[in-house]
1. Give me a count of the residues in the range B:94-114 that are facing chain A (nearest Cβ under 8 Å) and among the charged types (D, E, K, R).
2. Please specify each residue of the range A:94-109 satisfying the condition of being charged (D, E, K, R), assigned to a helix (DSSP H, G or I) and surrounded by fewer than 13 Cβ atoms within 10 Å (Cβ to Cβ).
3. Considering only residues of the range A:201-246 that are within 14 Å of another protein chain (Cβ to nearest Cβ) and β-branched (Val, Ile, Thr), which is nearest to residue A:149 (Cα to Cα)?
4. Could you grab me the full set of residues in the range B:67-78 that are surrounded by fewer than 22 Cβ atoms within 10 Å (Cβ to Cβ) and within 10 Å of chain A (Cβ to nearest Cβ)?
5. Against the condition under 23 Å from the mean Cα position of the chain (by Cα), polar (S, T, N, Q) and buried (at least 16 other Cβ atoms within 10 Å of the Cβ), how does residue A:207 come out, does it pass?
6. For the range B:119-222, which strands (runs of 3 or more DSSP E) that fit wholly inside it have 2 or more residues that are within 14 Å of another protein chain (Cβ to nearest Cβ) and either buried (at least 17 other Cβ atoms within 10 Å of the Cβ) or out of contact with any Phe, Trp or Tyr (no Cβ under 8 Å at 6 or more places or on another chain) (or both)?
7. So how many residues does the range B:54-66 have that are of a type outside the set (Gly, Ala, Ser), more than 11 Å from residue B:24 (Cα to Cα) and within 14 Å of chain A (Cβ to nearest Cβ)?
8. Return the residues of the range B:72-89 that are outside any helix (DSSP H, G or I) and farther than 14 Å from residue B:163 by Cα; say none if nothing qualifies.
Amino acid sequence: MLQQIIQILPQVIIDGLTLGFVYAVVAIGYTMVYGILELINFAHGDVFMTGSFIGAAVLFFMMSVGFLSSLPSLIVFIIVMAITAIVTGLMGVGIERVAYRPLRKRNAPKLIALITSIGISFVLEDVVRFFAELKTGNYIITSPPLFNQKMTLDIHSVMPVFNKITFQSSFILVFIVTIIMLIALDIFVNRTKWGMAMRAVAQDRETASLMSINVNRVISITFFVGSALGGATGVLFMIQYGTIDPYIGFILGIKAFTAAVLGGIGNIRGAMLGGILLGLLEMFAAANLSTITHGAMGAEYKDVFAFIILILVLIFKPEGLFGKAVVEKV
Amino acid sequence: MPNEFKRHHLELNQVESFYGKIQALNGIELYIDKGEIVTLIGSNGAGKSTTLKSISGQVQPKKGTILFEGMDITKNAPHQTALLGIAQVPEGRRIFPRLTVRENLQIGAFSVKDKKVIAERMERVFSYFPRLKERLEQKGGTMSGGEQQMLAIGRALMMRPKLLMLDEPSMGLAPIIVEQIFDIIKEMNKEGMTILLVEQNAYQALQIADRGYVIQTGSIVLEGKGLELMTNQQVREAYLA
């Protein structure tokens, strides 16, 4: 049994990292907004979903005008990513302006904002579904092929304990782009002036405003960055997995949120590591559950397995793996 | 412009502020002239902090006006008031606990773009509080109460304010540290800084203040020169006993 698990381990790690990086970037959107507003922005998963559809729309448009065949795939990809990131970023800012800021002004309880975010989530799903059906007659969309060559890495001949690894060329793209996004965000938050303002607002909003920081602007920037990253990740998801529908944001959002909690909600690096860890766990479970249980449980129980791990972690470390225990303010 | 002569640096006219439905200020009247140290003393819950918060914009007055250099700032948001040159050292210091000392100071100069100016101001802060220089990379939350108070004042000085408002700087500090902090407040004032000092520690505050106001349940009940108030029978009984 152990031998079987080890054989496919490299493949599990590759697939787990792909999924994990997607979780990581989406998890950042949850954790940043939570860090600043103590709001679980449930609509974020659907911003991710909307991103994948906007990406598909741009891609289809470019196909219809012939760009897809005349331009190098990488250029097409960069254009699609950039447009999607800007549109979803602005969408995030708009959602905050229209739905959350008025509540904040009236000092509404946090629960109200939470319910609002669930409402926005439904609105996004249905709006996207409406337009998808209007344009294509079906709300499940298969994206135009991009970076879908199959590749094989024959590590079997070097290390016979392992099987060969196979993957799509899009994997490399997902891998590189998500890492770039994670590093860029880390630099933005920890090394730039507005990143510092963001951390200050997260720690003490009132005092930050006394330091001439426009708190509302910082909140807008936070939503822009989180939503732009989330939307761009939607494009990556579409390219990697091929099919999208308006409901992919729900489960993925829940899992990304879980990743954020696993890493310690509010902690950006924690969200990154939590996402990667959750992706690995999930893929490990999907690949090995049936081997471990001798066929009693199949790959479809992967979520149960991943969430049991989550519960165990939180029982022993309620603040999350990389979170700080809550300290009383002096 | 006959008013030009009478115009005060900061002026509060009949300011009324509320927390929800509870009225905290019932028409505060006070002024500060350029270069003064003015202190606002009173017991817990009298409305001292609310007065400061009304000036800085953290609490929006329902009635009355607040004029700063002749400008109406009554309805300003806190960051707008801060940009005009009013800095507040909040009660309880409110250091950003997970920012380093350096970052806490940089945040104070948030509106300044020129890095050279920021560095100059930081040096100036170090001349008042040399200890901060030794702790630049330490997280703000790991410092002692006295050091945090120094950092909070230093952070406000990074704004190079025209008016510095201090809310209970002596709170929770050892007497020797309080002594140091008050010496520095006095020194800053000598160099031209206008200061509004809110204190429960009336004795210390009145000793360094040019003028003082006594606030009771949201109204100013007494005002006068620092030394006058110190010898006032009422004040002695209520606040200096």
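1. Of the residues in the range B:94-114, the ones facing chain A (nearest Cβ under 8 Å) are B:94, B:96-99, B:103, B:106-108, B:110-111.
Still in the list and also among the charged types (D, E, K, R): B:94, B:98, B:103.
Counting residues in the range B:94-114 that are facing chain A (nearest Cβ under 8 Å) and among the charged types (D, E, K, R) gives 3.
2. Let us first name the residues in the range A:94-109 that are charged (D, E, K, R), namely A:96-97, A:101, A:104-106.
When the remaining residues are screened for being assigned to a helix (DSSP H, G or I), the result is A:96-97, A:101, A:104-105.
Within the range A:94-109, just A:105 meets the criteria.
3. This residue is A:221.
4. B:77, the sole residue that qualifies.
5. On the way: under 23 Å from the mean Cα position of the chain (by Cα): no; polar (S, T, N, Q): yes; buried (at least 16 other Cβ atoms within 10 Å of the Cβ): yes.
Spelling it out, it is not the case that residue A:207 is under 23 Å from the mean Cα position of the chain (by Cα), polar (S, T, N, Q) and buried (at least 16 other Cβ atoms within 10 Å of the Cβ).
6. So the answer is B:163-167.
7. Total meeting the criteria: 3.
8. Filtering the range B:72-89 down to residues outside any helix (DSSP H, G or I) leaves B:72-77, B:85-89.
Hits for the range B:72-89 are B:72, B:74, B:75, B:76, B:77.
Computed from the coordinates by the stated procedures, all read-outs in this text should not be read as laboratory data. These numbers come from a predicted model, not from an experiment. Note: ideal-geometry Cβ built from the backbone for every residue, glycine included; neighbour counts use all protein chains shown.
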